[in-house]
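Asks: Once you've had a glance at the structure underneath, I'll fire off some questions.
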Amino acid sequence: MREGHEGTGPGAITPDGCAVELYTRLPVGDEPEVIAGVAPAGARILELGSGVGRMTHPLIERGFTVTAVDESAAMLERVRGARTICGPIEELDLGERFDVVLLASFLVHTGDPEVRRGILRTCLRHVADDGFVLIQREGEDYHTNVPRERVDPRGFTVRVVSAEPVGDGVDSVFVEYLFPDGVWTQTFRARPLTREQFEEALGEAGLAVDRYLTEDRMWVKAVPAVPAG
Ligand SMILES: C[S@@+](CC[C@H](N)C(=O)[O-])C[C@H]1O[C@@H](n2cnc3c(N)ncnc32)[C@H](O)[C@@H]1O
């Protein structure tokens, strides 16, 4: 397990505390629309932290070619129609470039700054000179508006129970997923990043914001600050 990460509930749990069975059940949100709204038709997408393919599958249906990366083989076993690569994102070096590198699921907020630097350098290393990196950030009140819960009309509840500081600007976040026939929890470390801190982290890795795609600034199109290579 990654330090400070834990998961409970039926089935396999990934090193960052995610439950494979849970992600198989969770419906996808508006992510594929946001991505398809900006990615060129037929783009080659490198998806980092794909899980079971919750976003991968709708992207393939929209005609994109996806390479899905995850450090959990149990997650990748559920992915269909995409090339899969099992390993830590921060160590990935495929020797290839992609039209779009997708870093969703708030992975940019990882608690360990070394891991974040590694992840962002992986993004830069794999993006084509005329391509871009799509990043999904946390919402601004993600760590302060707790406890909060969302009751999904499809019959489950997601409850962010707490976000407690554990030092060095990092919070330990505890989330419960309540289904009628099962409960999963995840504890993980996440670092809130202001817009300035986020842009500084990108700059450190040789990336720059091209534009914020959504009003809440959660989706970001980033480009190599200087042509990669
Ligand atoms: C919260 S889940 C989201 C999965 C998928 N993006 C989705 O929205 O359904 C995060 C996934 O990223 C993977 N992951 C997290 N950190 C990783 C890292 N540093 N390297 C490789 N995989 C990682 C986990 O194994 C997990 O499958």
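Read-outs throughout are calculated quantities, based only on the coordinates presented, and are distinct from any laboratory measurement. Predicted, not measured: the structure shown is a model, and the values here were computed from it. For neighbour counting, all protein chains shown are included, and Cβ atoms are generated from backbone atoms with ideal geometry for every residue, glycine included.
Asks: Scan region 72-81 and tell me whether some residue there is basic (Lys, Arg), farther than 25 Å from residue 11 by Cα and part of a loop (DSSP other than H, G, I, E, B).
Replies: No, the conditions are met nowhere in region 72-81.
Asks: Here are 102, 124: which of them is within 28 Å of residue 8 (Cα to Cα) and among the hydrophobic types (A, V, I, L, M, F, W, C)? Please lay out each step first, then the result.
Replies: Details: 124 fails: within 28 Å of residue 8 (Cα to Cα).
The unique qualifying residue is 102.
Asks: While we're looking at this one, here's another question. For residue 53, are the conditions met, namely being small (Gly, Ala, Ser), near the ligand (Cβ under 10 Å from one of its atoms), without any contact (Cβ under 8 Å) to a residue 40 or more places away in the chain and surrounded by fewer than 20 Cβ atoms within 10 Å (Cβ to Cβ)?
Replies: Criteria not met by residue 53.
Asks: Just one of 97, 154, 125 is surrounded by fewer than 14 Cβ atoms within 10 Å (Cβ to Cβ), out of contact with any Cys (no Cβ under 7 Å at 6 or more places or on another chain) and farther than 18 Å from residue 5 by Cβ; which is it?
Replies: The conditions single out 154.
Asks: Here is a further query. Quick check on my filter: what residues within region 13-31 are under 23 Å from residue 180 (Cβ atoms) and loosely packed, with under 15 Cβ neighbours inside 10 Å?
Replies: Once the filter is applied, which keeps residues that are under 23 Å from residue 180 (Cβ atoms) and loosely packed, with under 15 Cβ neighbours inside 10 Å, region 13-31 yields 24, 27, 28, 29.
Asks: Restricting attention to region 186-229, report how many residues are at positive phi and without any contact (Cβ under 8 Å) to a residue 24 or more places away in the chain.
Replies: Result for region 186-229: 0.
Asks: Still on this structure, please answer the following. Just checking, how many residues over region 24-65 are of a type in the set (Asp, Glu) and assigned to a loop (DSSP other than H, G, I, E, B)?
Replies: Going through region 24-65 one residue at a time, the tally reaches 1.
Asks: Okay, next question. In region 15-48, which residue that is touching a Leu at 6+ places or on another chain (Cβ under 8 Å) and of a type outside the set (A, V, I, L, M, F, W, C) is farthest from the ligand (Cβ to nearest atom)?
Replies: Among those residues, the one meeting the criterion is 37.
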